[in-house]
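The values are calculated or read from the model by the stated rules, or taken from the named source; none is laboratory data. Bear in mind that the values here come from a model prediction, so they are computed numbers and not experimental data. Cβ: placed from backbone, ideal geometry, glycine included. Neighbour counts: every protein chain shown. All accessible areas refer to the heavy atoms of the entire protein, side chains included, with ligands and DNA or RNA removed. Shrake-Rupley method; radii C 1.70, N 1.55, O 1.52, S 1.80 Å.
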Amino acid sequence: MSQLLVRRSHRVQPHRPYQVFSLPDDQEYDYDPANPDPIAHINFSQDIDLLLIVPATANIIAKFANGVADDFLSSTYLASTAPVMIAPAMNTTMWEQPATQRNIQRLKADGVHFVEPVAGELACKTVGTGKLEDVENIVSQALKVLSEKTKKVIKENIEAGRNGDFALKNDLSGERLLITVGGTREAIDPVRFISNHSSGKMGFAVAEAARDRGAEVTVVCGVTAVEPPNGVAVINAVSAREMFDAVMKELANATVFVGAAAVADYAPTNAADAKIKKENQDKLILELKKTPDILSEVSKRRKKGQLVIGFAAETNEVVTYAKIKMGKKDLDMVIANDITKEGAGFNTDTNIATILTRVGSEIELPLMSKRALADRILDEILKIRAA
Ligand code: PMT
């Protein structure tokens, strides 16, 4: 039997946010005279985020249900306050026994989570219910429990009036962020294009911070001056149309969409196939057409529970225009940056922003690094979730 203790490990490996310890199979481990730590079950149990039993036998389920603590695992269970998840696997008759089912009901009433076994061919070569659920499904349910636990802590913090330090490690575990980053390029001909000054630093800062806090992150990148952070999925899209198509393809998988890209609002109606010659042309008149509005379309297609967040790059009446954008595009949050201010906006490592939310909060922030701003944005996402 393998029993797993799951502990946050942000500092150890940012892309693998949880350390997983396999408990020894040796039932006598705790009490073995050679063991240098005679109270290992206490020491192990104090610092874990999830006790996951995969696969769990009828025997260990019975011990947990009845408070028996005669080996390392059952002692660890009794000594821990962490959430517990059990994925049983056993012979069908053992599974269906009233005693087993009674024990399971008792543990469920105690708050233990179960990933029920499925039907299939069992180790004893019979066919029936008792086969361990697919491992991927167990992992995803375990991540859900971990994220619920984090939300609970945040809610308790809010209720207790502790407004600071929401940046718990792995507090975004279970979230999948889709972020547009950088500027788009709209071709005039094979040589020339229309674009803007976006470096990608702001969008990548959000991606990096979300990754470090346990989220799965996909960035749809236009043209950027810096490299994407490690540990995030990268999709390249040069023009607004390409970015639109890439976002719509990925959207169903996202729980949060962040539009940090500076998408060109207009593109040449007909890009020339060959280089436009300047000979005998003192003037060149370009006809432009509106590009598709990615953020508005995401908002229209949003699924229940999906958060849609935009940025607003403004030069005057910053908050007023940002509020109008939030309403028009039906956003949960907008980050307004005044790109005329020193240290804010395009291609800087810092930004000055006001975070506005649908429910009316207005958080005016001082000059700070784009990474610090990214963490503030993520804190606000968690507050929305907790509410
Ligand atoms: O990349 P950096 O150099 O770090 O600079 C950061 C930034 C200034 C680019 C960033 O902080 C920012 O403000 N990004 C949004 C820029 C912008 O295009 O703002 P907007 O007010 O024009 O658009 C509003 C929102 O709609 C944005 O979320 C934008 O991504 C989105 N949009 C706009 C047009 C369009 N066709 N599709 C969109 O999705």
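Using a probe of 1.4 Å on the protein chains alone, the accessible area found for residue 197 is around 140 Å². For the pair residue 273 and residue 139, the difference between a 0.36 nm per residue extended length and the Cα-Cα distance amounts to 43.2 nm. For the peptides 112-123, 68-79, 327-338, the ranking by packing is 327-338, 68-79, 112-123, with the highest mean count of neighbouring Cβ atoms within 10 Å listed first. Taking all protein chains in place and a 1.4 Å probe, what share, in percent, of the accessible surface of segment 237-387 do carbon and sulfur account for? On segment 237-387, the fraction of accessible area on carbon and sulfur atoms equals 50 percent. Computed with a 1.4 Å probe over protein heavy atoms only, the accessible surface of segment 166-386 comes to 48 Å² per residue.
Past 23 Å, Cα to Cα: identify those pairs from 131/152; 108/152; 63/152; 108/383; 152/383, in the order given. Violating the 23 Å limit, Cα to Cα: 131/152; 63/152; 108/383. Extension gain, residue 304 to residue 387, is 28.4 nm, computed as 0.36 nm per intervening residue step minus the present C-alpha separation.
Between residue 57 and residue 79, the distance separating the two model label sites (each 7 Å from Cα on the Cα→Cβ line) works out to 2.2 nm. When the surface is traced with a 1.4 Å probe over the full set of protein chains, residue 350 keeps roughly 40 Å² accessible. Nearest 0.05, what FRET efficiency do residue 347 and residue 265 give at R0 = 25 Å with Cβ-Cβ as r? Taking R0 as 25 Å, the efficiency between residue 347 and residue 265 is 0.85.
For segment 243-384, a simple Cβ point-charge model (Lys and Arg +1, Asp and Glu -1, everything else neutral) yields a dipole of about 500 debye relative to the Cα centre. Label positions at residue 66 and residue 93, each projected 7 Å from the Cα along the C-beta direction, are separated by 2.0 nm. Summarising the label geometry, the points placed 7 Å from Cα in the beta-carbon direction at residue 330 and residue 245 lie 2.6 nm from one another. You can think of it this way: the chain between residue 116 and residue 367 has 85.3 nm of extra reach, that is 0.36 nm per residue less the Cα-Cα gap. Close amide H partners of residue 129, meaning residues 5 or more places away or on another chain with modelled amide H under 5 Å apart, are 120. Among the listed pairs 201/304; 304/328; 289/328; 323/370; 149/249, those whose Cα-Cα separation exceeds 27 Å are 201/304; 149/249.
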